[in-house]
Amino acid sequence: MLPCLDEEAALPWVLGRMPDGFHPIVVDNGSADGSARIAAEFGATVVTEPQRGFGAACHAGLTAASADIVCFMDADASLDPEQLPLVAGPVLAGEADLVLGRRVLRPGTSWPLHARLGNAVLARRLRRRTGAPLHDLGPMRACRRAGLLALSLADRRCGYPLEMVLRAAATGWRIREAEVDYLPRAGRSKVTGTMRGTLRAIGDMRRVLAGGGDRT
């Protein structure tokens, strides 16, 4: 699943590097450019989700998927689809229930300090709260579709990735990390590219933490 908002510049590279056995579902979350057209041209399944929000887009892709194992990743070229097997492999092998890609910065990467610090604080809180050995709330991740649907995630904004980990841990899922490259993205991030976007995301995640990952 690739949540997408105005990513026409990145999609050709991303979809062109999709490994064998992985079918892309691009969730158009209100793009004003040619993202949906480009995704269709590259053979992706295109889902339109009018409700704005990262969680809304992820959930729309999840419900549209049919595969036993599903993966999530950003559509902005900051992550390499060729590394999807690194996160999906342990789930396929039955060694883990949820795998998150721990981002390793590569030359030219734009990951603002305020965003990195916020990510590190959240990861530390997750480790203390769940015992899961996580250092990054990474956007590339893999798990089984049926299990994720059963978690009944409620957040439809930026708290969705955090709620996924909290509820998975509370259900006894085996959670682990796999290192993946973090590359220069195409364009500016809609979330962490500005201080305002970062603060909004942190606010969403604090709300999820305060609720303990509950459905309410």
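The values are calculated or read from the model by the stated rules, or taken from the named source; none is laboratory data. Bear in mind the structure is a predicted one, so any value in this text is a computation, not a measurement. As a convention, Cβ positions derive from the backbone with ideal geometry for all residues, glycine included, and neighbour counts pool all protein chains shown.
Only one entry in LEU122, LEU100, LEU134, LEU126 is buried (at least 20 other Cβ atoms within 10 Å of the Cβ) and part of a loop (DSSP other than H, G, I, E, B), namely LEU134.
Residue pairs whose Cβ atoms lie under 6 Å apart, separated by 6 or more positions or on different chains, with the first residue in segment 66-80 and within 30 Å of GLY108 (Cβ to Cβ) and among the aromatic types (Phe, Trp, Tyr) and the second modelled with pLDDT under 95 and not in a loop (DSSP other than H, G, I, E, B), do not occur. Just one residue in the set VAL99, VAL104 is of a type outside the set (Ser, Thr, Tyr) and out of contact with any Pro (no Cβ under 9 Å at 6 or more places or on another chain); that residue is VAL104.
Given the criteria among the basic types (Lys, Arg), assigned to a loop (DSSP other than H, G, I, E, B) and at pLDDT 95 or above, does ARG156 qualify? Yes; evaluated as a whole, the condition is true for this residue.
For segment 137-163, the set of residues classified as among the small types (Gly, Ala, Ser) and surrounded by 14 or more Cβ atoms within 10 Å (Cβ to Cβ) consists of GLY138, ALA142, GLY147, ALA154, GLY159, listed by residue number.
Could you say whether any residue in segment 28-51 is out of contact with any Pro (no Cβ under 7 Å at 6 or more places or on another chain) and touching a residue at least 60 places away in the same chain (Cβ under 8 Å)? Yes; the residues of segment 28-51 include at least one that is out of contact with any Pro (no Cβ under 7 Å at 6 or more places or on another chain) and touching a residue at least 60 places away in the same chain (Cβ under 8 Å). The single condition among (1) loosely packed, with under 13 Cβ neighbours inside 10 Å; (2) β-branched (Val, Ile, Thr); (3) more than 21 Å from ALA142 (Cβ to Cβ) that THR109 does not meet is (1).
Going by the conditions given, is VAL47 over 15 Å from MET140 (Cβ atoms), touching a helix residue (DSSP H, G or I) at 6+ places or on another chain (Cβ under 8 Å) and β-branched (Val, Ile, Thr)? Yes; evaluated as a whole, the condition is true for this residue.
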